[in-house]
1. With viscosity set to 1.002 mPa s and temperature to 20 °C, compute the Stokes-Einstein D of the range 452-611, Rh being the Kirkwood radius across alpha carbon pairs; µm²/s, no decimals.
2. Taking only C-alpha pairs under 8 Å that are 6+ residues apart, what is the relative contact order of the range 83-209 in percent?
3. Using Cα pairs under 8 angstrom and six or more residues apart, how large is the relative contact order of the range 494-551, in percent?
4. Let me check against my output: what whole-number percent is the relative contact order of the chain, with C-alpha pairs under 8 Å and at least 6 apart?
5. Over 17 Å apart: what share of the alpha carbon pairs of the range 363-502 falls there, rounded to a whole percent?
6. So what's the range 217-262 giving for Cα Rg divided by 2.2 N^0.38 Å, two decimals?
7. Take the alpha-carbon positions of the range 578-625, form their convex hull, and give its projected area averaged over all directions (one quarter of the hull surface) in nm².
8. Debye sum, Cα scatterers, the range 263-361, no solvent: what log₁₀ I/I(0) at q = 0.13, 0.16 1/Å?
Amino acid sequence: MRAPLIVGFLACLIATPVVAKESGPIADATTQLLLKPAEFERIEISPDGSLLAIARYSPEGSRVTLHRRDTMAVVTSIDPGKDGVITSLGWLDDGRLMVGANRLIQLYGMSANDPSLYIVRPDGQDTFKLPGNFLSTIDGDADHLLVTACVKYDDGDCITDVRRADIRRLRRLGDLVLRAPAGDTAVYADRSGNVRFAAGVEDDGNGKIWVHTAGKSEDWALINDAAVTGIEVSPLGVSRDGKTAYLQSERKDGTDAIETYDFATGDRKTVYQDAESDPISIVTSFDGRDFIGANYGATKPRTVFWNRDHPDAQVMIDLQAAFPGKRATVISADAAAALLVVLLDSDRDPGTFVLFDRKLRKVTPLAKTMSWLDPAQLGAQSEVSFTARDGLPLHGLLTLPPGKQKNLPLVVLPHGGPYGVVDTWGYDPEAQILATHGYAVLQVNFRGSGSYGRAFGLRGAMQWGRAMQDDVTDATKWAITQGVADTSRICIYGASYGGYAALMGAIREPNLYRCAIGRSGVYDLAKMYKWGDIRREDYGKNYLKRVIGEDQADLAARSPAQLADQVKIPVLLAHGRLDPRVDIKHARLMKTALEKGGREVTLLEYPYTGHSLILNEYRRDFYTHLLDFLGKNLAPLPAGAAGTH
């Protein structure tokens with residue numbers, strides 16, 4: 001059993017980008033501005049409404065400053081020190097602020113070496129560093145918190161105890177609350193200090209979820225075993241009165257549903273199921289205690305309130321109406337819900353924080369996350385929908401250069417993952433880098449992507465280089481039929497699984513694309529059983545068997561490195577030498593295979609990075625090369641010259 005996690009097979013390593021070095025190629029001014037990290041990261045208002053906690057980035061290290069809300073005067077600052085990164089921020093009460101912090105490894109640009117969590121006073125006194133096994137605070141009890149401890153192992157899996165610890169004596173584990181029902185399971189607590197759920201995933205990929213039904217440590221009830229039911233269920237949270245939980249439950253056909261779970265009776269009832277989309281995110285009341293709706297539609301976001309009578313629901317509806325074209329998200333609120341910190345964002349705005357005074361009906365700007373960007377100079381993003389060749393409805397995103405709509409050079413951008421990952425509407429720096437340089441950008445949520453239900457995801461199994469690739473091709477041809485793309489000026493580029501799709505696109509559709517770019521891509525499927533970290537556990541091996549198969553001939557027939565002689569267009573490859581997920585040997589093998597056939601190929605190797613380009617130096621370098629490569633290969637053909645089709 002293993003704790004559940006989001007299984008985007010080739011999902012990128014999560015870390016905080018940082019401007020670590022100033023050497024390397026000089027990107028143009030537009031690219032440099034788009035690559036700059038956001039300055040304002042988070043703003044939280046205190047329960048009494050008197051203070052604002054603001055997390056702010058700087059190259060020397062992020063910090064939190066506390067401001068008087070009425071004057072914005074600085075009260076104090078919380079500084080993690082040189083190269084510090086703020087990872088979380090939130091008020092527990094008027095006298096306690098919880099701050100998550102980390103420290104960058106400058107050489108690698110990663111904030112993964114010293115994660116810490118603190119409870120601090122607004123005056124900067126009595127700072128408590130929470131243990132690494134912290135689980136949750138307890139409402140109404142400022143002196144205690146819940147922690148976890150691995151007490152024994154069962155067949156190699158950690159059995160977790162949950163204990164109630166004294167905040168001033170954290171060297172002691174404290175009193176036992178309960179023990180997890182199985183090894184390597186994650187436990188979930190409510191705000192009152194009660195552990196309510198446990199969840200884990202078996203080596204075969206099937207999840208289990210338990211509910212804690214009484215006060216005894218052993219009183220766990222298994223409420224879903226995906227191996228039996230054929231669906232996955234995950235806990236979302238507990239209602240204000242503690243009597244009901246909310247679950248997200250898959251359906252064998254159709255999209256995921258929101259359900260309630262009655263702790264007393266065990267009854268589950270469907271609250272809402274959208275016809276087209278899984279829930280993208282849950283909408284709660286301003287204090288986080290009531291579940292009142294959810295956001296749906298990855299490519300065309302909309303909010304559905306199943307509790308429209310809740311007083312906060314109407315405020316959210318009014319806020320959204322007041323800012324057409326923007327997404328209005330309440331980030332924090334005072335205890336009376338009279339003052340709201342709202343984040344406004346869109347496809348051309350990475351985020352603007354405002355303060356909304358409900359009594360005065362007044363909106364006060366607080367900060368722009370990236371004030372140096374002019375939305376009018378950025379590309380507009382819109383939803384596209386079409387039908388794949390086998391009749392499957394597909395959705396995606398089209399980002400157009402400012403002021404342009406037709407007969408454009410096009411970059412097709414399949415996402416990584418591929419499973420469970422989804423391209424969503426909103427500010428996308430990579431799409432904007434391409435759009436602001438004159439390229440239309442097409443992203444498609446091919447079968448296997450997340451957010452469209454279990455059956456849609458399962459349609460991607462065993463479809464690497466097959467139907468998933470056909471979906472990308474069909475999206476490209478859709479753009480041509482709509483007059484968006486100049487048929488002679490189309491390239492395909494992707495990272496991770498997207499890098500695989502880019503090279504397979506060059507192989508499967510030799511007359512459709514003028515060039516292909518793969519970053520951190522898989523190029524030999526059989527080598528996934530020999531290289532990288534997925535194959536190191538039974539869970540990963542079983543995953544590979546389900547999604548790509550084991551037949552060696554079949555794997556070779558769907559591997560770009562084994563089909564390199566069919567590539568007829570220029571190729572650009574980029575890869576991190578420390579990539580733990582997709583070994584750089586994939587890129588080197590692909591390069592060698594292309595060179596053997598006399599193909600035009602360039603490989604960029606980045607020594608101090610893994611599956612993602614974290615260091616800003618590397619990001620500048622890669623996008624400079626990418627834009628140069630696209631510029632050469634998507635230049636207009638001479639008058640009278642034959643196209644590639």
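1. Values: Rh = 16.1 Å.
Using the Kirkwood radius from Cα pairs, D works out to 133 µm²/s.
2. 13 percent
3. Reported as a whole number, the value is 29 percent.
4. 11 percent
5. When all Cα pairs of the range 363-502 are counted, 59 percent exceed 17 Å.
6. Cα-based Rg divided by the globular estimate yields 1.27.
7. 3.5 nm²
8. -0.50, -0.73
The values are calculated or read from the model by the stated rules, or taken from the named source; none is laboratory data. Source: prediction; values computed, not measured. When we count neighbours, we look across all protein chains shown, and the Cβ atoms used for this are built from the backbone with ideal geometry, even at glycine. Remember, those area values only see protein heavy atoms, side chains included, never the ligands or the DNA or RNA. Shrake-Rupley method; radii C 1.70, N 1.55, O 1.52, S 1.80 Å.
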